[in-house]
Amino acid sequence: MTINVWLENAVRDAERRGLTALPALLAALAQATATLRAADWNLDAAGGPARDKAADGR
């Protein structure tokens with residue numbers, strides 16, 4: 001499930017439940033999650049090679 005699909009489903013559910021303030025919070029959470037997933041230090045979570053900080057001296 002992508003972040004966008006999750007967001008669409010969560011917003012629909014919040015609207016169905018009458019939680020009018022929740023969609024804006026969900027959108028902020030989705031944006032923060034996308035930003036964290038795209039971070040270069042998180043390449044191993046995206047299926048890329050894991051960086052060993054001790055091995056490369058960082």
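The values are calculated or read from the model by the stated rules, or taken from the named source; none is laboratory data. Everything quoted here is computed from the prediction, not taken from an experiment. Ideal geometry is used to build each Cβ from the backbone, glycine not excepted, and the neighbour counts take in all protein chains shown.
Which residue pairs have Cβ atoms closer than 6 Å, lie 6 or more positions apart in sequence or on different chains, and pair a first residue in segment 17-28 that is within 15 Å of residue 3 (Cβ to Cβ) with a second residue that is of a type in the set (Val, Ile, Thr) and assigned to a helix (DSSP H, G or I)?
Close Cβ pairs satisfying both conditions: 23/11; 26/11.
Hey, could you check segment 24-45 for residues that are charged (D, E, K, R) and over 13 Å from the mean Cα position of the chain (by Cα) and say which is surrounded by the most Cβ atoms within 10 Å (Cβ to Cβ)?
The first filter runs over segment 24-45 and keeps only residues charged (D, E, K, R), leaving 37, 40, 44.
With over 13 Å from the mean Cα position of the chain (by Cα) added as a condition, the list becomes 40, 44.
Working: 40: 7, 44: 11.
Looking at the filtered set, the residue picked out is 44.
Inspect segment 6-23 for any residue being in a helix (DSSP H, G or I), surrounded by 10 or more Cβ atoms within 10 Å (Cβ to Cβ), small (Gly, Ala, Ser) and modelled with pLDDT of 85 or more and give the result as yes or no.
yes
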